[in-house]
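Only one structure is covered here, and it is reproduced in the block below.
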Amino acid sequence: MKVIEKYILSKILSPFIFCFILISSIYIIIDISTKLEHIIKHKVALNVVAEYYMYSFPKIVFQIIPLCLLVAAIYSLTKMNKTNEIIAMRACGISFSTILKPYFTIATILVVLMFWNQEKLIPSSYQKLKNIDYILEGKIKEKVYKNITFYAQGNRIIFASKFFPDEKLLDHVVILEQNFNKNVLYKITAESAQYVKDKWILYNLIIYKFNSKGTGIEEAVTLSKKEYDLKEHPKDILITEVEITNLPFKTLMKRISNFRGISDEVVRRLAVELYHKFSFPFTNLVLLFLGLFVGLKSHQASLLKGLGIALLIGFSYYTLDAISYSLGKIGLLPPFIGAFFANILFLSAGSYLLFKTVKN
């Protein structure tokens, strides 16, 4: 790395670290204030509170890192502009590509780290966070869930009147096995189904075989016990919309494969989530283009001003991203466009403005 690149890198890191500490501290303080009543009321120990925010940290980092880089880019460039360092560098024959290289290097590293964070840290920390949240909110973790419906591999729809997660037991189960035309091939009713040694066992069941059109029963078989080839683990049954956002790529792709041919709506929502998990880490690079443009154009260095401009850009980006994400989920935009729309728009605008500035 050239000396000038190391110098610029040092100019970026200080505001980046300061901004990271500031925003994460504000986030935690605000969140604590909203939970303070529950913490005091239920006499939650300080170590539990500390553990809660320790497991919350990967998610916090994921959300604020792009903003921190944006602030650092705007502040460092405006500061160098104010002291005429950019002009001096250009006069010495240093190209804009050399000046901006450290910014893109950091952004690329952060993209990689965010992918790793959302694949490894966020899924594991979320499971631990869920248990602690019950303590903070003073809730009793449910021992039984009623009226469960979920889709399973092999074009199956599973209904159960009750689900006991601790016992891995489904009560009064109805299973519909469909073909790709959604005609019912088999209907299975069972008094219960339990997950034993990595296998589902059905008890006191009746298997109804339907005709090819699914309109009439051809045969009925009664059994007291049968091992059933259901791939889903009991923990998969209660995955909610919130939890889906914390699933890694591989699990999401598996769920899309499971639901394909069963529910187009579910596949669409999962596809938007999958694409969005791929698009969001690139926010670092997408917002950086606008940050570099603003920094090169400004000559009044102020960390608060840089933070204000960055928050304005960031708010605009996150708002547009949330809207397009939601439109993708409800089917008004194709899944890929819903997940990438904000990236495409901001990257197009940012790269155009930056290249125009650099050429001038």
**Candidate set from the stretch 140-168 (those that are under 24 Å from A45 (Cα atoms) and touching a helix residue (DSSP H, G or I) at 6+ places or on another chain (Cβ under 8 Å)); member that is modelled with the highest pLDDT** = K141
**Message:** Among the residues that make up the stretch 215-236, is at least one of them outside the structural domain of K120 (by TED's automatic domain parsing), surrounded by 16 or more Cβ atoms within 10 Å (Cβ to Cβ) and modelled with pLDDT under 80?
**Reply:** no
**Item:** Odd one out for K277, checked against (1) of a type in the set (K, R); (2) surrounded by fewer than 17 Cβ atoms within 10 Å (Cβ to Cβ); (3) assigned to a helix (DSSP H, G or I)
**Value:** (2)
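Residue-wise test of (1) at pLDDT 90 or above; (2) within 30 Å of Q118 (Cα to Cα).
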position	(1), (2)
D31	no, yes
K35	no, yes
I39	no, yes
Q63	no, yes
Y75	no, yes
M89	no, no
K101	yes, yes
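Criterion first (out of contact with any helix residue (DSSP H, G or I) (no Cβ under 6 Å at 6 or more places or on another chain), in a helix (DSSP H, G or I) and at pLDDT 90 or above) does I109 satisfy it?
Values: out of contact with any helix residue (DSSP H, G or I) (no Cβ under 6 Å at 6 or more places or on another chain): yes; in a helix (DSSP H, G or I): yes; at pLDDT 90 or above: yes.
The answer is yes for I109.
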**Which numbered condition Y55 misses (of (1) within 23 Å of the chain's Cα centre (by Cα); (2) within 19 Å of V111 (Cβ to Cβ); (3) crowded, with 19+ Cβ neighbours inside 10 Å)** = (2)
**Prompt:** Assuming G331 fulfils every condition listed in (1) at pLDDT below 80; (2) in contact with a Lys or Arg (Cβ under 9 Å, 6 or more places away or on another chain) apart from one, which condition is it?
**Reply:** (1)
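Can you tell me which of L110, L121, L77, L67 is among the hydrophobic types (A, V, I, L, M, F, W, C) and over 18 Å from the mean Cα position of the chain (by Cα)? Reasoning before the result, please.
On the way: L110 fails: over 18 Å from the mean Cα position of the chain (by Cα); L121 fails: over 18 Å from the mean Cα position of the chain (by Cα); L67 fails: over 18 Å from the mean Cα position of the chain (by Cα).
Just one listed residue meets the conditions, L77.
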**Request:** Go through the residues of the stretch 194-213 one by one and say whether even a single one is in contact with a His (Cβ under 9 Å, 6 or more places away or on another chain) and outside any helix (DSSP H, G or I).
**Result:** yes
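Would a scan of the stretch 214-229 turn up a residue that is outside any strand (DSSP E or B) and among the hydroxyl-bearing types (S, T, Y)? Walk me through it before giving the result.
The first filter runs over the stretch 214-229 and keeps only residues outside any strand (DSSP E or B), leaving 214-216, 229.
The next check asks that each one be among the hydroxyl-bearing types (S, T, Y); those that pass are 215.
Within the stretch 214-229, one or more residues are outside any strand (DSSP E or B) and among the hydroxyl-bearing types (S, T, Y).
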**Request:** Examine the stretch 129-139 for a residue that is of a type outside the set (D, E), surrounded by fewer than 16 Cβ atoms within 10 Å (Cβ to Cβ) and not in a helix (DSSP H, G or I), and state whether such a residue exists.
**Result:** yes
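Kindly establish whether F340 is within 19 Å of the chain's Cα centre (by Cα) and closer than 29 Å to G295 by Cα.
Values: within 19 Å of the chain's Cα centre (by Cα): yes; closer than 29 Å to G295 by Cα: yes.
Answer is yes for this residue.
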**Request:** Being over 25 Å from R260 (Cα atoms), touching a residue at least 12 places away in the same chain (Cβ under 8 Å) and within 30 Å of the chain's Cα centre (by Cα) narrows it down to one of K231, K162, so name that one.
**Result:** K162
**Message:** Looking at the stretch 10-38 only, could you name the residues that are more than 30 Å from Y103 (Cα to Cα) and touching a helix residue (DSSP H, G or I) at 6+ places or on another chain (Cβ under 6 Å)?
**Reply:** K35, H38
**Asked** Of everything in the stretch 1-51 that's basic (K, R) and part of a helix (DSSP H, G or I), which residue is farthest from the chain's Cα centre (by Cα)?
**Response** K6
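The values are calculated or read from the model by the stated rules, or taken from the named source; none is laboratory data. Predicted model only: the values in this text are computed from it and were never measured. Cβ: placed from backbone, ideal geometry, glycine included. Neighbour counts: every protein chain shown.
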